[in-house]
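These notes are about the structure you will find just below.
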Amino acid sequence: MNPTDPPAPDHWQAAHYRDRHAFVFEASRDLVTGWLAPQPGDHILDLGCGTGELTAQIAGSGAVVTGVDASPDMIAGARERHPGVTFVVEDAHRLPFRSEFDAVFSNAALHWMDPLPPVFAHLHAALRPGGRLALEMGGAGNVLAVREAVEGALADLGLPAMEPPWVFPGPAELATLLEAAGFRVERLHRFDRPSVLSGADGFRAWLEGFAGGWLAPLGDNERRAVLTRAEQLARSHLWNGQDWVADYVRLRALAVKG
Ligand code: BEZ
């Protein structure tokens with residue numbers, strides 16, 4: 001991307017995210033306490049901070065935190081909700097920070113940041129020596145049934161296949177990426193987190209919140225038809241009779257700049 005390129009379209013909507021996807025940050029509050037473990041006075045970068053709920057939690061520990069996100073709408077929502085916290089629009093592939101943070105935190109954001117190697121290089125550069133990176137992201141197999149339902153819907157409707165915009169590494173792949181960027185990996189966990197998408201329209205709401213970029217080449221009518229067909233295809237895998245439950249797979253890592 002050149003500095004003269006027009007900004008990429010912003011498919012995020014802070015209000016929808018907070019209303020329908022609060023589980024994304026609620027499920028990771030212990031990533032702050034148990035993995036990042038912020039100390040009063042720590043300077044911390046929160047990469048992909050979204051609407052800022054975990055950034056505010058980090059700030060509550062007495063750390064000096066900067067939340068960054070590529071979406072102007074998310075940053076506007078974060079500033080409105082958490083006026084005492086610093087939030088800045090930044091692209092993870094062009095981070096300007098140099099040796100100024102004691103820690104970097106990132107929850108449910110890195111899988112949007114393909115390719116990952118330059119992002120980890122920027123995070124390494126942003127940390128002071130000995131600084132730590134605490135992250136959670138989707139791992140290999142994440143939301144596979146969701147992806148297959150959308151791919152099946154595109155095929156059923158005679159529409160072209162489209163690559164989803166996410167990168168979900170396996171644990172060994174993540175460790176290799178972190179080490180290649182100069183980190184020492186101290187902890188790395190992989191686990192399943194079946195996630196309730198609340199409401200009878202939970203599956204559709206998830207796609208409306210997160211598949212905007214993926215399905216952007218479609219017109220409105222085509223996109224609506226894909227959502228309807230994908231919901232039909234996903235029902236036997238993800239509807240348990242009461243709730244939609246998405247097949248989340250998580251990776252958590254704690255890595256240190258050597
Ligand atoms: C996730 O948090 O795993 C996720 C969210 C939106 C799209 C894809 C994955």
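Every read-out reported here was derived from the displayed coordinates using simple, explicitly stated rules and does not represent laboratory data. Quantities reported herein were computed from a predicted structural model and do not represent experimental measurements. Glycine also receives a Cβ, built like all others from the backbone with ideal geometry; neighbour counts cover every protein chain displayed.
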Checklist entry - Regarding Gly62, is this residue more than 16 Å from the ligand (Cβ to nearest atom), over 18 Å from the mean Cα position of the chain (by Cα) and free of Cβ contacts under 8 Å to residues at least 60 places away in the same chain? => result yes
Next on the checklist: So if I check each of Asp91, Asp114, Asp102, which one is in contact with a Gly (Cβ under 8 Å, 6 or more places away or on another chain) and among the charged types (D, E, K, R)?
Outcome noted: Asp102
Item to check | Exclusive hit being part of a strand (DSSP E or B), under 30 Å from Val32 (Cα atoms) and more than 15 Å from the ligand (Cβ to nearest atom), set Ala246, Ala255 | outcome: Ala255
Checklist outcome for this item: Looking across the range 165-192 at residues that are crowded, with 16+ Cβ neighbours inside 10 Å and under 20 Å from Phe23 (Cβ atoms), the single one that is nearest to the ligand (Cβ to nearest atom) is Trp166
Checklist entry - Given the structure, is Thr55 part of a helix (DSSP H, G or I) and more than 22 Å from Val119 (Cα to Cα)? => result no
Checklist entry - Residues in the range 149-162 that are in contact (Cβ under 8 Å) with a residue 24 or more places away in the chain and either within 16 Å of Ala234 (Cα to Cα) or within 13 Å of the ligand (Cβ to nearest atom) (or both): how many? => result 7
Checklist entry - Just one of the numbered conditions (1) within 16 Å of the ligand (Cβ to nearest atom); (2) farther than 16 Å from Pro171 by Cα; (3) not in a loop (DSSP other than H, G, I, E, B) is not true of His93; which one? => result (1)
Item to check | Qualifying helices (runs of 4 or more DSSP H) (wholly inside the range 135-215; at least 2 residues being within 20 Å of Leu54 (Cβ to Cβ)) | outcome: 202-210
